[in-house]
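Notes to accompany the following structure.
Computed from the coordinates by the stated procedures, all read-outs in this text should not be read as laboratory data. Just so it is clear, the structure is predicted and the values come from calculations on it, not from any experiment. Here the Cβ positions follow ideal geometry from the backbone for every residue, glycine too, while neighbour counts run over all protein chains shown.
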């Protein structure tokens, strides 16, 4: 047995130095965070591996968007799986600001003022629905004028990305050729604008089966695979589902605040996925029970030093 060691942090200590002390502290979620960094380091250093990043849209409404963007910019992952809301927030924040608020604000008053609340983040109508409608109408007219009539969601994401600026996650996915798969493409403002545009352009189609073909091809060619899975829902399941067909992930790091006792996928731990064959029995896995907006910047800072 290894001893539990106290933290000894001096002024100017690096993120990685603190993470390494977490590994020795034996302390609850801190230990899991340190293990997660070790697993991600090993995963990202593998040469012949297919690495997935999945996450929900909510964190893209926060400054954590910058962490996701920079990981994509550095090509740490080969495919992203997310929800339509990620496209919404990423596009909107290229042009308009979101604002800091509070969990306990009066939501009736916010509604009357035309401000929506995401936790303690405030989103004025002009910063969301209005700008998304304006820009998606512009983008879709341009895409249609170029003769494109049928797009996979990853192709749509690239088309949007190349029309955004360098602050955008989608921009860097397009720039680096990283597919962004959005299984629930109609569940958001961007998806609604697709539907609206289709009313006058009936031959414009989004082909989600083309996304599945890409995932199939990538999975069957992969010798190993790994995933950083933030949160749960459709994004998490899509990554796990497709890795079932290569006998499971070799690396899996979950970051979640969900509980497993209601049987939800969002709260399910890696050991449950092993029963399905979605994660290998001998895979390196950990669940970090934490808010991703806290954990992800620390993980990223530590990995920057190691990689």
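Descriptive notes on the structure:
- Nearest-0.05 FRET efficiency for residue 144 and residue 104, computed from C-beta distance (R0 30 Å): 0.10
- Pairwise alpha-carbon distances in the stretch 178-247 exceed 18 Å for 48% of all pairs.
- Debye-sum result for the chain in log10 I(q)/I(0), which assumes one identical scatterer on each alpha carbon, at q = 0.09, 0.13 Å⁻¹: -0.48, -0.97
- Residues in the stretch 90-118 reached by a label modelled at residue 262 [backbone nitrogen below 14 Å; 7 Å Cα→Cβ]: none
- Distance in nm between pseudo-label sites at residue 217 and residue 241 (7 Å out along the Cβ direction from Cα): 2.0 nm
- Oblate is the label for the stretch 1-113, because a/c, from the alpha-carbon gyration tensor with a ≥ b ≥ c as root eigenvalues, is 1.5 or above and a/b does not exceed b/c.
- Computing Rg and the Kirkwood Rh from the Cα coordinates of the stretch 213-307 gives a ratio, Rg/Rh, of 0.98.
- Prolate/oblate/rounded call for the stretch 40-187, Cα gyration tensor, a/c under 1.5 rounded: oblate
- The chain: calculated mean residue ellipticity at 222 nm from DSSP helix runs of at least 4, using -39500 (n - 2.57): -14500 deg cm²/dmol
- When the square roots of the Cα gyration tensor eigenvalues are ordered a ≥ b ≥ c, the ratio a/c for the stretch 103-218 is 1.5 or more and a/b exceeds b/c, which makes its shape prolate.
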